[in-house]
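Only one structure is covered here, and it is reproduced in the block below.
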Amino acid sequence: MNDELLVVLEHIEREKGIKKEILIQAVEQALISAARKDLGPTAGEIEVKLNPKTGGIQVFSDGKEVTSGKFGRIAAQTAKQVIIQKIREAERDVIYEDFHKKVDTLTNGLVHRFEKGNIIVDLGKTEAILPKSEQAPKETYRQGERIRAYILDVKKTPRGPHIVLSRTNAGLVRRMFELEVPEIYEGIVQIKSIARQASERTKIAVHSADEKIDCVGACVGMRGSRVKNIVRELRGEKIDIIRWSEDPKEFIAAALSPAKILETEIDKEKKLARVLVEDDQLSLAIGKRGQNVRLASKLTGWDIDIRSKLQAEGKKKEEKSELMSLEGIGEKSQGALREAGFKTLAKLAQAQVSDLTEVKGIGAKKAEKIIAQAKEKLEQEKDK
């Protein structure tokens, strides 16, 4: 048995990558427990030594060697159990390390089974879970069907690695573009940001580090071949490829495509963009259930307020009417105040006298009077 044990240990060391010393220590620890049971409660301190060259086993109780005919059989059973356990632990560790390195990448597998809305995916060496929350709403799968997913998280557990996949994460689209577009993989074309609503639409902003290479064209591919492959993999999800720009006005206008933008006003402090479009472009700019403007906002990092020309003109008339309702404000004063940013009663009520005196044609007394009237009008409106 001793020779056989050494042969088995050496084979495991070669095949599984578990060091022979670790296996020997594990067998020795297990034999200590077995010897304690065999020798009974009167046994003192027990020590077991397994000779790594001969496979011989020695048992010591309080420093004295103990011999028993049972130890050969016990050693064989114990060694077998320890080896099986160590192999399983080592395989789990290897799988964990392998997939832990693959977080934020793509993997392929087969749909194995369904559990309470979750999909269990067979990855070959192990299984992964695609939770219901990470499944694209319009995608359905059958058992045995191939699936490509994004590795969202990998955790170590006593039962082995817990691998979580996603089909909704924006990282899925990013990695697909890296596979389909060599210029992205090589770093010539950069993905600046992605906004995604799974199964519906994705907006991706790209930039070229080389002026000679068209970033949008590279992503689309010849006759749309590259982007079509990704759309097919995402089962028909629409993809808008947008040219990134340092100029927020240009970037926001591009992000709201396919709508055409007339004018964009930027408020840097509030990170707010006020966008003006033609009346027939309003619904297109906002999108179905606000999808287009919501994704554009996420893509650019700006809050976006969209108005049509008709709405903007109505607001201007309303603001003009508000200002003209104050005593002492005529067309010129109203125009000057609006130009200075004081377009509403609320703005005037919050203003300081020093702010208004900077407006052409308004002195200190007139400024005090305007502020007082604005506050009074607002109070009256509140009472109503």
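The values are calculated or read from the model by the stated rules, or taken from the named source; none is laboratory data. Quick caveat: nothing in here was measured; it's all calculated off a predicted structure. Cβ atoms come from the backbone with ideal geometry, glycine included; neighbour counts cover every protein chain shown.
Across region 135-157, a minimum of one residue is classified as more than 20 Å from Glu237 (Cα to Cα), out of contact with any helix residue (DSSP H, G or I) (no Cβ under 7 Å at 6 or more places or on another chain) and among the hydroxyl-bearing types (Ser, Thr, Tyr).
Residues in region 353-367 that are within 53 Å of the chain's Cα centre (by Cα) and part of a helix (DSSP H, G or I) were compared, and the one that is surrounded by the fewest Cβ atoms within 10 Å (Cβ to Cβ) is Ser354. For region 18-38, the count of residues that are under 54 Å from the mean Cα position of the chain (by Cα), assigned to a loop (DSSP other than H, G, I, E, B) and surrounded by 14 or more Cβ atoms within 10 Å (Cβ to Cβ) is at least one. Which ones in region 322-337 are among the hydrophobic types (A, V, I, L, M, F, W, C), surrounded by 19 or more Cβ atoms within 10 Å (Cβ to Cβ) and modelled with pLDDT of 70 or more? Listed by number, the residues that qualify are Leu326, Ile329, Leu337. Looking for something outside the structural domain of Glu339 (by TED's automatic domain parsing), in contact with a helix residue (DSSP H, G or I) (Cβ under 7 Å, 6 or more places away or on another chain) and among the β-branched types (Val, Ile, Thr) - is there at least one such residue anywhere in region 231-238? So far as region 231-238 goes, no, none of its residues is outside the structural domain of Glu339 (by TED's automatic domain parsing), in contact with a helix residue (DSSP H, G or I) (Cβ under 7 Å, 6 or more places away or on another chain) and among the β-branched types (Val, Ile, Thr). Filtered by the rule that a residue be small (Gly, Ala, Ser) and surrounded by 13 or more Cβ atoms within 10 Å (Cβ to Cβ), region 249-300 gives Ala253, Ala254, Ala255, Ser257, Ala259, Ala273, Ser283, Ala285, Gly287, Ala296, Ser297.
Checking each residue in region 1-17 for being within 45 Å of the chain's Cα centre (by Cα) and touching a residue at least 60 places away in the same chain (Cβ under 8 Å) picks out Leu9, Ile12, Lys16, Gly17.
Check region 300-309 and report whether any residue there is at pLDDT 75 or above, under 32 Å from the mean Cα position of the chain (by Cα) and part of a helix (DSSP H, G or I). Yes - at least one qualifying residue is present in region 300-309.
All of Arg148, Arg201, Arg223 fail the test of being surrounded by fewer than 21 Cβ atoms within 10 Å (Cβ to Cβ), farther than 23 Å from Gly109 by Cα, touching a strand residue (DSSP E or B) at 6+ places or on another chain (Cβ under 6 Å) and basic (Lys, Arg), apart from Arg201. Across region 120-141, not a single residue is classified as in contact with a Pro (Cβ under 8 Å, 6 or more places away or on another chain), among the aliphatic types (A, V, I, L, M), closer than 16 Å to Pro158 by Cα and not in a loop (DSSP other than H, G, I, E, B).
Against the conditions (1) at pLDDT 95 or above; (2) assigned to a strand (DSSP E or B), Pro161 satisfies every one except (1). Residues considered: Asp62, Asp93. Of these, the only one that is modelled with pLDDT of 80 or more and on the phi > 0 side of the Ramachandran plot is Asp62.
Among the residues that make up region 273-288, is at least one of them of a type outside the set (Val, Ile, Thr) and within 24 Å of Gln190 (Cα to Cα)? No, region 273-288 contains no residue that is of a type outside the set (Val, Ile, Thr) and within 24 Å of Gln190 (Cα to Cα). Per this entry, Thr140 is not counted among residues that are more than 22 Å from Glu178 (Cα to Cα), surrounded by 18 or more Cβ atoms within 10 Å (Cβ to Cβ) and not assigned by TED's automatic domain parsing to the domain that holds Ser199.
Taking into account only those residues within region 336-349 that are part of a helix (DSSP H, G or I) and in contact with a helix residue (DSSP H, G or I) (Cβ under 9 Å, 6 or more places away or on another chain), which is farthest from Glu265 (Cα to Cα)? Applying the filter and picking the extreme gives Ala349. Of all the listed residues (Leu284, Leu272), the sole one being under 22 Å from Ala346 (Cα atoms), more than 23 Å from the chain's Cα centre (by Cα) and either modelled with pLDDT of 90 or more or of a type in the set (Ser, Thr, Tyr) (or both) is Leu272.
Checking each residue in region 84-115 for being assigned to a loop (DSSP other than H, G, I, E, B) and free of Cβ contacts under 8 Å to residues at least 12 places away in the same chain picks out only Lys101.
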